[in-house]
1. By its C-alpha gyration tensor, with a ≥ b ≥ c as the square roots of the eigenvalues, how is region 33-90 shaped: rounded for a/c under 1.5, else prolate for a/b larger than b/c, else oblate?
2. Please work out how much length the chain gains when fully extended from Glu108 to Asn95, using 0.36 nm per residue of separation minus the C-alpha to C-alpha distance, in nm with one decimal.
3. Name the residue farthest towards the positive end of the dipole of region 56-109 from the options Ser60, Pro97, Thr83, assuming +1 on Cβ of Lys and Arg, -1 on Cβ of Asp and Glu, about the Cα centre.
4. For the chain, set up a Gaussian network in which alpha carbons nearer than 10 Å are linked by springs, and say which option among His99, His71, His35 fluctuates the most.
5. Which whole-number percent is the relative contact order of the chain (Cα, under 8 Å, 6+ apart)?
6. With a 1.4 Å probe and all protein chains left in place, how much accessible area per residue does the chain have, in Å²?
7. In whole percent, and with a 1.4 Å probe on the protein chains, what portion of the accessible area of the chain is carbon and sulfur?
8. I'd like the projected area of the chain, averaged over all directions, using the convex hull of its alpha carbons. Report it in nm² with one decimal.
Amino acid sequence: MQIIRQQGFARAGLIGNPSDGYHGKTISFLVQDFHADVILYEWEDLELILSQEDRSRFGSVHELVRDVQLHGYYGGVRLVKATIRKFVDYCRQHNLPLHERNFSIRYEP
């Protein structure tokens, strides 16, 4: 089984963003004190394993409210999905073939 582990560091943008009319040109810098860890495993199906911050099962409504206060309504799963989709779109646009192997992805903010 192949395993890939990587860290993605936080980025703070000073000027520009991908949708501001400057075609994605930005001036930004990395913040090495904050990062997300990502682990990819070869897997039978494509599976996104939710982090603790993305959980959807709670012991009570009070526990859910505390979770929202700490982490907000949105977690990392939507960013992981968007990243995978953008990668596939890029490969299609540039006629880069993708193999048929699946993976499981685990992430920690």
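The values are calculated or read from the model by the stated rules, or taken from the named source; none is laboratory data. Because the structure is predicted, anything quoted here is derived from the model rather than measured. Note that we place each Cβ from the backbone using ideal geometry, even for glycine, and neighbour counts take in every protein chain shown. Surface areas here come from the heavy atoms of the whole protein model, side chains and all, with no ligands, DNA or RNA. Shrake-Rupley method; radii C 1.70, N 1.55, O 1.52, S 1.80 Å.
1. Taking the square roots of the gyration eigenvalues as a ≥ b ≥ c, region 33-90 is prolate.
2. Stretched out fully, the Glu108 to Asn95 stretch lengthens by 1.5 nm.
3. Value computed over the given set: Pro97.
4. His99
5. Dividing the mean separation by the residue count of the chain yields 35 percent.
6. Counting only protein heavy atoms, the per-residue value for the chain is 86 Å².
7. On the chain, the fraction of accessible area on carbon and sulfur atoms equals 55 percent.
8. Mean projected area of the Cα convex hull: 9.6 nm².
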